[in-house]
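The values are calculated or read from the model by the stated rules, or taken from the named source; none is laboratory data. Every value quoted in this text rests on a predicted model; they were computed, and no experiment measured them. Reconstructed Cβ throughout: ideal geometry from the backbone, glycine too, with neighbour counts over all protein chains shown.
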Ligand SMILES: *Cc1c(COP(=O)(O)O)cnc(C)c1O
């Protein structure tokens, strides 16, 4: 017998029992008053969560589906798109925009670093004839563990006038976001990250400016034609059969977030980040994101000791403790390992993961003082005995 598998990966994330019980029930009919009520409540809560005064639509797809919807509805073939890339998910915008026939330029940051606000502003100021129509970016780059300064990046885009299209998949629900105040035009999120659901639902937010572009966009679209979703939502329904069970589950998870309080949720994520960073550096490991201010509150990337492979470390964590941690992606595969801490994850889980990590490293021949990882984390959480 083994303990329940624990997902310390950047999605899917652990799902609360209340949510699991909710989604296990028979589905509601999607054209019923009962479902309409849940859909409208969920929409209102999701908007609150991102301080969104525009439209918010839920889609039955993974997060990438919402990214595709964002591009298909704002970009026309031949349009110039500037993509801010600081990892795999920033690159995904490039691929989608190219698939829709856009001409894509990139503004790239070194892996582990933020997109530079100054570099973005410079690049946009060079675009004198305003040929750039859309700027894409990733709020929280899951592949490296970097949180970008979205408020400032969005401001630079606003000064230029292009649409600001943002992937907030691993920040939404874990980090404060002010969609409307920051002047973001399109923002996407997915259910399997901080929203505490399994994968399968996505969210897309649209500003008035984004709808303006939507009405002019010439990209082919049918399932992801957002005008259909907006029209249906005005009638308290959806254009197609949505994942009704997950919409009901989302109501349950959003209620939990509301009950804890959004600010408390954000503070919890920030504490987990600080405790985990202190724990791994306490063990003598190196963090991939050096700058504390740039480090993500939802995902931490760590360099393995030179003598230990990421594969072996992940295997030991899984076999011995049934804790799953993530490898690096693409070019960073085998170079870093990543620990996710978003959604239904608590300080307890960070302490448990640090203890297991220390044990696994020790088993693989690494040397550090016993208990130093957990001890360093406890100190950051102010949970150690105070000197009297
Ligand atoms: C998980 C994730 C996505 C969405 O991926 P899907 O597998 O399509 O749900 C997009 N962007 C970021 C930053 C992510 O972490």
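Counting only strands (runs of 3 or more DSSP E) that sit wholly inside segment 142-208, those with at least 1 residues that are over 16 Å from residue 75 (Cα atoms), within 13 Å of the chain's Cα centre (by Cα) and modelled with pLDDT of 95 or more are 186-190, 202-206.
Could you please give the count of residues in segment 1-47 that are under 20 Å from residue 180 (Cα atoms) and touching a residue at least 12 places away in the same chain (Cβ under 8 Å)? Don't jump to the end; show me each part of the working.
First, pick out the residues of segment 1-47 that are under 20 Å from residue 180 (Cα atoms): 40-47.
With the extra rule that they be touching a residue at least 12 places away in the same chain (Cβ under 8 Å), the set shrinks to 40-43, 45-47.
Here the count works out to 7.
Within segment 325-338, one or more residues are under 22 Å from residue 193 (Cα atoms), in the same structural domain as residue 368 (by TED's automatic domain parsing) and without any contact (Cβ under 8 Å) to a residue 24 or more places away in the chain.
Suppose we keep only residues that are exposed (fewer than 15 other Cβ atoms within 10 Å of the Cβ) and over 18 Å from the mean Cα position of the chain (by Cα) within segment 293-311. Which one would you say is nearest to the ligand (Cβ to nearest atom)?
At the first step, the residues of segment 293-311 found to be exposed (fewer than 15 other Cβ atoms within 10 Å of the Cβ) are 293, 306-307, 309, 311.
In the following step, the residues that additionally are over 18 Å from the mean Cα position of the chain (by Cα) were identified as 306-307, 309, 311.
Numbers: 306: 28, 307: 30, 309: 24, 311: 22 Å.
So the residue we want is 311.
For segment 268-283, the count of residues that are surrounded by 20 or more Cβ atoms within 10 Å (Cβ to Cβ) and either at pLDDT below 95 or part of a strand (DSSP E or B) (or both) is zero.
Scanning segment 281-299 for residues that are in contact (Cβ under 8 Å) with a residue 24 or more places away in the chain and farther than 14 Å from residue 369 by Cβ gives 288, 289, 290, 291, 294, 295, 296, 297, 298, 299.
Among 297, 305, which is part of a loop (DSSP other than H, G, I, E, B) and under 24 Å from residue 366 (Cα atoms)? Reasoning before the result, please.
Values: 297 fails: under 24 Å from residue 366 (Cα atoms).
It is 305.
Just one residue in the set 153, 163, 201 is touching a helix residue (DSSP H, G or I) at 6+ places or on another chain (Cβ under 7 Å) and away from the ligand (no atom under 16 Å from the Cβ); that residue is 163. Among all residues of segment 264-276, there is at least one that is under 20 Å from residue 44 (Cβ atoms) and touching a strand residue (DSSP E or B) at 6+ places or on another chain (Cβ under 8 Å).
Scanning segment 330-367 for residues that are touching a helix residue (DSSP H, G or I) at 6+ places or on another chain (Cβ under 7 Å) and part of a strand (DSSP E or B) yields 337, 339.
Being under 24 Å from residue 145 (Cα atoms) and either over 24 Å from the mean Cα position of the chain (by Cα) or not assigned by TED's automatic domain parsing to the domain that holds residue 193 (or both) is true for just one of 77, 10. Which residue is that?
Numbers: 77 fails: under 24 Å from residue 145 (Cα atoms).
On inspection, the qualifying residue turns out to be 10.
When the residues of segment 171-187 are filtered to those that are crowded, with 24+ Cβ neighbours inside 10 Å and farther than 17 Å from residue 254 by Cβ, the one that is farthest from the ligand (Cβ to nearest atom) is 185.
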